[in-house]
Amino acid sequence: MRRYILLFVSAIYGLAGYGEARFPKPDFTSGYQYPEIFHGVPMENLWNIVDIVLLVAMMSVVVWAAYKKRSRAVIYSTSIVSVLYFGFFRSGCVCSVGSIQNVILAMADSSYNLPWYVALLFIVPIIFAVLFGRVFCSGVCPLGALQELVNVRNFRLSRAVSLTLSIIPWIYLAFTILYAATRSQFLICRLDPFVGIFRMGGDLGMIVFGVLLLVLSVFVGRPFCQFLCPYGAILSVFSSLSWKKIDITGKTCINCALCGKACPVDAIRAPQSSKMKEARSTGVRRILLFAVLMPLFTVTGAFLVGQNSDALSRAHKSVYLYEMIQEKAANPEMEEPLEVETFNAMGGNIEELKAEVDVIRKNYSFYSYLAGALIGFVIAFKLVKLSLKRSRRTYDVDSARCTMCGKCFNYCPQNLKKK
Amino acid sequence: MRKVYRNIAIVTAVFMLALTLMLGVSFYQMQQVSPLQSEVLQTLKELNEANGDNEGLQQQIRQLDLLSRKAYFVKESQLKLGIYILLGMAIVLVICLNMYYKETKTLPDRQLDPIDDWMNKSRSRKYITWASCISAAAVLVVLLLQNVKFGSVIEQVEESAEEMLADNDTEGAPVKSVASDSVTEEVVADTTATDAEEDDLPVPKVTSNAFRGNNSSGISSARGIATNWNLKSKKNILWQSSIPKHGYNSPVISGRNVFITGADNSARELYCYDVYTGELKWTVKADKIPGSPSSMPKVNADTGLAASTVATNGKQVCAIFATGDVICADMDGKRLWAKNLGVPDNHYGYASSLLMYGNELIIQYENNSNGKVLALNAANGNQIWSKTSNDKIAWSSPIIANFGGKPALVVMGNPAITAYNPSNGAELWRVECMSGEVGSSPAASNGLVFGASEYAKCIAINGATGETVWEASDYLPECSSLCATSNLVFCATSYGMVCAYDAKTGEVKKEHDLSTPFYSSPMVVEGKVYLFSNSGKVYIFSASDFSLINSFETGEKTFATPAFTDGMMVVRTDKSLYCVKG
C-alpha cells in the first residue's frame, strides 16, 4: 500500500513540475505575487550508476551471446536496447568514446577531477577488450549499434583501401589528445555525428553529417566504427591481445567464405598459403627497413605537427580572441568583432590575456609534438604490420577489426548446422 | 512477399524524402521567424506608446502577442511530430529492406586467390607511403609559406642590411650607422630606398600609435623583444640612424613607419623612418601656418621645442610643437592640414603628447591660462569638441582607458585627474588630488586609474565611479609616467628610486635604489618592464614581481620612451634613433 501511495505522490509532483514548465510567467505585470519556486536536485548519480550497471550487464550478455551461443539475435537485441537507452534516453552523453577526452584532460591537468563514472565508462570496455575483444563495439556502443540497426547491404571498399583508411582513427585520436590536453575543446563531442539524431536537435551541420553517415551505413557496414572512431582504435590494440578469441564455427571451417562475405567491417581473413612471389629475404629486409625507419617517422610526424602548433592553437578561444584583438589594434578602421567588444565590455585585461595565451601556446607546442609523434609512429607501425606474412588454412577473425556484430554466426553453415 | 516489402520500401522512401523536404522548409521558416517581432505587433506597440492609456489597444496587443506565441509553438510541435514520423518511417524502411534482402545470401562471386591478402597488404603499404609523403610535403609547403610570409623577418632584414653595407662599403660595422652629416645621410637614403622598394618584408602587426604605445597605456603586445643589446658592437642592433633635428619626443610605430619630430629655431619637422632599415623616408615641415610665431617661444633646454610625441591612427599622423603648431600628414608624407592653436604660455615649454581616438586627434593643450582639452578631426583638422579648463598648467599627456566597456579619456593636471567621454568631451568624473608641477602621465588597468606626481601623491581611482581607492606617497615620479598591470603599478623617479606598488592596495611591493635619474617611462612588454635611465642604462624587470632581470649601459643618453612592434624596439636617444631586434 505504501508503495502505491509513494507512486501516487510522485506522479502528482511530476505533474506539478510539468505544469510549471508548461505555463511560464506572462510578459506583463498584474500585481500578483509569485510564490517562491524550489527546484529539486536531480538524481544524476543514480542514472550514472544505472549507466555503468547496464554497460557491464550488456557487455556480459554480448560475451555470452558471442562465445557461448554464437547468436546474432541476442547481440542485435542489445543494439536496440543500447540505441534506445544510451542513445535516445540518455542523449548519447557521456559515452565511452567521449570519455577518452576526460581521461586525457585528467592526465594533462591535475586540477581536473575525473568523475568516477566517466573513468569507469572508459576503463570497463577496455577490460572487456583485454579479455574478450571489442565487446563494447558490438551492441553496447550506441553509435555502433545505430549503424548496425540500419545496415541492410554490405558494399565494401577494396581491402587495400580500407586497411589504409584505418589510420584515420589514430589521426583523429592524436588531435583529440591535443585539443583535450590543452583544454581547447572536446573534439569527439563536437564532431559526434549521431548526438544530433539522439537529441533530435542541435547543430544543423552535424545533423546533416549524421544523417548522411546513417544513410551510408545502410549500404556500408559501420563506416564510423571503421574509419573514424578513436575509441575503436584504442580498443583494437587491446582486442588484438585479448585472452579469448572469437570462433565463428565452433567446429571445423569448411572454407565456404560466407562469413567473410557477411562481415560488414572486413574483419574475416581469408585462407592464405605461403605462395608468395617474393623471396623471404626481401620480406625480412622490408620489415627491418620499416622498423628502422620507425623513429624517423615518429620524429618527422612530431616536427611537422609541432611546427604548426601556433596555427593549431587558434582552436583555443583565448588565442582566437587575442589574435582578434591584435588584428583590431592593427586595423583600427575594421569593424570591432563581437568577441572583442564583449572582452572590452567585461573589463578584460589584455596583459592577462596575453600571459594566458603564452601559456596555452607553450602547452600547444608540447602536445602538438606529442600528437605528431603518435601519428608518425602509428604510420610506421602500420607499415611494419602490413609487411608481415601469415599463413592460414581456414577463415579466421582479425580480433583488432572485429566489432562482434555476430553477422558471421548467421551465415556460417557449420554454426547453423550445430544449432 | 519480397515484392510487397520492396514496394513498401519504395513508397516509404518517397514519403521520407518528401517529408524531409517539408521539414527542412519548415525548419528554415522557423529560424527566420521571431514571433514577438512581427511588423504588426511592433506598429501596435509604437501606437500604444504614443497614445498612452488605450485599454482596447493594449488588449489587442496582448491577444496578438498570445496568438504569435501560440503559432510559433504549434509550428514547433508540428516539426517535432514530423521528426517522430520520419524516424518511424526510417524504421519501416530498414525493416522492409532487411526483409527484401533476407533471401539473398550467396556464395562469394570470386574464387579464392592465395595471394589476394598479400596483394592487398602490398597495395595498402604503397597507399600509406604515398599518402604520408604527400601529406608531409603539403604540411612542409604550408610551413614554408608561413615562414616566407610571416617568419624569419629579422633574418631577411639582416640580409638586406648586409647588402646595404656592401653597397656602402662601410668597413667593420655589421650594420649601417648613419653619421650626422647630411652628405652621408643622402647616400644611405638613396641606397636603402632601392632596397625598401625591392624587399618583400611584411608589415608589422603590432602598432605603437602614441606616446607609451597604443592609447598611451604603457603596455605593448609585441613579442620577441631582445633583453640584451650593444650599440658599440652592434649586437642585436638592426640599424641606427641620425635625427636631423633635436627633440625629446618618443618614437611611434604604425606598420613599417616610425614617426618622430625634431625642431630648432629654424624649423619644426615631422620625420618618418622605415622600421626595417632605418631609412628616413620623408620629412614634413611645420611651416607656412597662419598664426605661427615668427620667433620661437622661450623654452627650457630640458623640454625643447619638440617634446610632444606624435600620434597616428594608421591613416594620418599628427604632430604638435611648442609653438602651438599642429600638422597632420598621411602615411606617404603628404601634409593634409596644419593649424596654429595659439602659442602656449608655458614657462618650460609645451610637452603634452598627442593621442588618437579613432578619427579624433586629442590634444591636452596646456596653457598658463585657459588650458583646454580638444578633439580635432584628424582628416581635416576641424574641431569636434573642446573643453576649457581652469586648472593650472601641466606637462602630462592624456590616455584612453576602458572602464566596463566604456572608453574614457583620462587627463591629469593640477589639481585634478579628470575623465571625459572621448566622443563628445562630456566630463565623467573629476578627482582633485594633484599639486605642484605635474609632468607625469596617468595609467590605467583593471578598472583603476593611477596617477602620481612629485610633491603630490600616488593615487588609484575607480575608473567607473571616480572614487579614490588608495593613496600612497612612498615614491613619486617627476617626468616619468606610471604604467600598470592588473597587480602592480610601476614608478620611476628622478632621484633614482624605482618601485612597484600593489595595484589593489598601494603598498610598495618592491623597490630598487638605482641611483640614477629617470625621465623615460617604463613599458610593460612580454611580461617584462623595460626602463631607460637618463644616462642610457637599461633596466629590465620581471612584470610579475619586479625583480631585476638584466641591466646594462647603452652609452647614449635616453629621455624618450621606446616603442615596440613585432620583434623590434625603436629607441630615441639624445643623438640618434636605433632599432633593437629580437
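The values are calculated or read from the model by the stated rules, or taken from the named source; none is laboratory data. Given the structure is predicted, the values throughout are model-derived calculations rather than measurements. Cβ placement follows ideal geometry from the backbone for every residue including glycine, while neighbour counts extend to all protein chains displayed.
Quick notes on this structure:
- Tally, over region B:457-484, of residues that are within 14 Å of chain A (Cβ to nearest Cβ) and under 19 Å from B:Phe532 (Cβ atoms): 2
- Among the candidates A:Phe297, A:Phe303, A:Phe290, residue that is in contact (Cβ under 8 Å) with a residue 60 or more places away in the chain, at the interface with another protein chain (Cβ under 10 Å from one of its Cβ atoms), assigned to a helix (DSSP H, G or I) and touching a Leu at 6+ places or on another chain (Cβ under 6 Å): A:Phe290
- Residue in region A:370-392 that is within 12 Å of another protein chain (Cβ to nearest Cβ), within 28 Å of B:Ala378 (Cα to Cα) and in contact with an Asp or Glu (Cβ under 9 Å, 6 or more places away or on another chain) present: no
- Criterion: in contact with a Phe, Trp or Tyr (Cβ under 7 Å, 6 or more places away or on another chain), over 22 Å from B:Tyr350 (Cα atoms) and part of a strand (DSSP E or B) - qualifying residue of B:Val469, B:Val489, B:Val431: B:Val489
- When we screen B:Ile393, B:Ile400, B:Ile417 for residues that are within 14 Å of chain A (Cβ to nearest Cβ) and among the β-branched types (Val, Ile, Thr), the only hit is B:Ile400.
- When B:Val317, B:Val299, B:Val343 are checked against the criterion of being in a strand (DSSP E or B) and at negative phi, B:Val317 stands alone in meeting it.
- Subset of region B:323-376 (residues that are surrounded by fewer than 23 Cβ atoms within 10 Å (Cβ to Cβ) and among the hydroxyl-bearing types (Ser, Thr, Tyr)): B:Tyr348, B:Tyr357, B:Tyr365, B:Ser369
- Taken over region A:330-369, the criterion of being in a helix (DSSP H, G or I) and at the interface with another protein chain (Cβ under 7 Å from one of its Cβ atoms) is satisfied by A:Ala330, A:Asn344, A:Ala345, A:Ile350, A:Glu351, A:Glu352, A:Lys354, A:Ala355.
- Test: residue in region B:186-202 that is modelled with pLDDT under 90, within 14 Å of chain A (Cβ to nearest Cβ) and under 26 Å from A:Pro332 (Cβ atoms): yes
- Residues in region B:109-144 that are under 45 Å from the mean Cα position of the chain (by Cα) and either small (Gly, Ala, Ser) or modelled with pLDDT under 80 (or both): B:Ala131, B:Ser132, B:Ser135, B:Ala136, B:Ala137, B:Ala138.
- Filtered by the rule that a residue be hydrophobic (A, V, I, L, M, F, W, C) and assigned to a strand (DSSP E or B), region B:507-525 gives B:Val508, B:Met523, B:Val524, B:Val525.
- Here B:Asp53 does not fit the description of being facing chain A (nearest Cβ under 10 Å) and more than 29 Å from A:Val150 (Cα to Cα).
- Helices (runs of 4 or more DSSP H) within region A:161-266 that include 3 or more residues closer than 24 Å to B:Leu97 by Cβ and out of contact with any His (no Cβ under 7 Å at 6 or more places or on another chain): A:195-199, A:204-219, A:223-227, A:258-262
- Being part of a helix (DSSP H, G or I) and at the interface with chain B (Cβ under 9 Å from one of its Cβ atoms) is a property that A:Gln326 has.
- Every residue from region B:216-250 that is not hydrophobic (A, V, I, L, M, F, W, C) and not in a loop (DSSP other than H, G, I, E, B): B:Ser216, B:Ser220, B:Asn230, B:Lys235, B:Gln240, B:Ser241, B:Ser242
- Taking each residue of region A:240-260 that is within 14 Å of chain B (Cβ to nearest Cβ) and in contact (Cβ under 8 Å) with a residue 40 or more places away in the chain and looking for partners that are among the aliphatic types (A, V, I, L, M) and surrounded by fewer than 14 Cβ atoms within 10 Å (Cβ to Cβ) with beta-carbon atoms closer than 9 Å, six or more apart or interchain, yields A:Asn255/B:Leu112; A:Cys256/B:Leu107; A:Ala257/B:Leu107; A:Ala257/B:Leu112; A:Leu258/B:Leu107.
- Any hit, region B:551-558, residues being crowded, with 16+ Cβ neighbours inside 10 Å and either hydrophobic (A, V, I, L, M, F, W, C) or outside the structural domain of B:Tyr455 (by TED's automatic domain parsing) (or both): no
- So B:Ile260, is it within 14 Å of another protein chain (Cβ to nearest Cβ), closer than 21 Å to B:Ser480 by Cβ and of a type in the set (A, V, I, L, M): no
- Here is the figure for region B:439-456: residues that are more than 14 Å from chain A (Cβ to nearest Cβ), outside any strand (DSSP E or B) and within 23 Å of B:Asp502 (Cβ to Cβ) total 7.
- Among the residues here, B:Ser68 does not qualify as surrounded by fewer than 15 Cβ atoms within 10 Å (Cβ to Cβ) and small (Gly, Ala, Ser).
- Residue satisfying condition, being within 18 Å of A:Arg401 (Cα to Cα), out of contact with any Pro (no Cβ under 7 Å at 6 or more places or on another chain) and facing another protein chain (nearest Cβ under 10 Å), within set A:Pro223, A:Pro264, A:Pro271: A:Pro271
- Close contacts from region B:217-246, counting a first residue that is more than 14 Å from every other protein chain (Cβ to nearest Cβ) and a second that is surrounded by fewer than 16 Cβ atoms within 10 Å (Cβ to Cβ) and of a type outside the set (Gly, Ala, Ser), with Cβ to Cβ under 6 Å and a gap of 6+ residues or different chains, come to B:Thr227/B:Asn550; B:Trp229/B:Lys235; B:Lys234/B:Pro174; B:Lys245/B:Asp264.
- Hits in region A:188-222 - residues which are in contact (Cβ under 8 Å) with a residue 60 or more places away in the chain and either small (Gly, Ala, Ser) or farther than 22 Å from B:Val92 by Cα (or both): A:Ile188, A:Cys189, A:Asp192, A:Ser217, A:Gly221
- Listed by position, the helices (runs of 4 or more DSSP H) enclosed by region B:1-108 that each have at least 1 residues that are over 30 Å from A:Asn410 (Cα atoms), out of contact with any strand residue (DSSP E or B) (no Cβ under 9 Å at 6 or more places or on another chain) and at pLDDT below 80 are B:2-32, B:39-51.
- Residues satisfying the stated conditions in region B:457-489, i.e. out of contact with any Cys (no Cβ under 7 Å at 6 or more places or on another chain), buried (at least 20 other Cβ atoms within 10 Å of the Cβ) and of a type in the set (Gly, Ala, Ser): B:Ala460, B:Gly463, B:Ser480, B:Ser481, B:Ala484
Table: residues versus (1) more than 25 Å from A:Ala233 (Cα to Cα); (2) surrounded by fewer than 20 Cβ atoms within 10 Å (Cβ to Cβ).
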| residue | (1), (2) |
| --- | --- |
| A:Met43 | yes, yes |
| A:Arg72 | no, no |
| A:Tyr85 | no, yes |
| A:Arg134 | no, no |
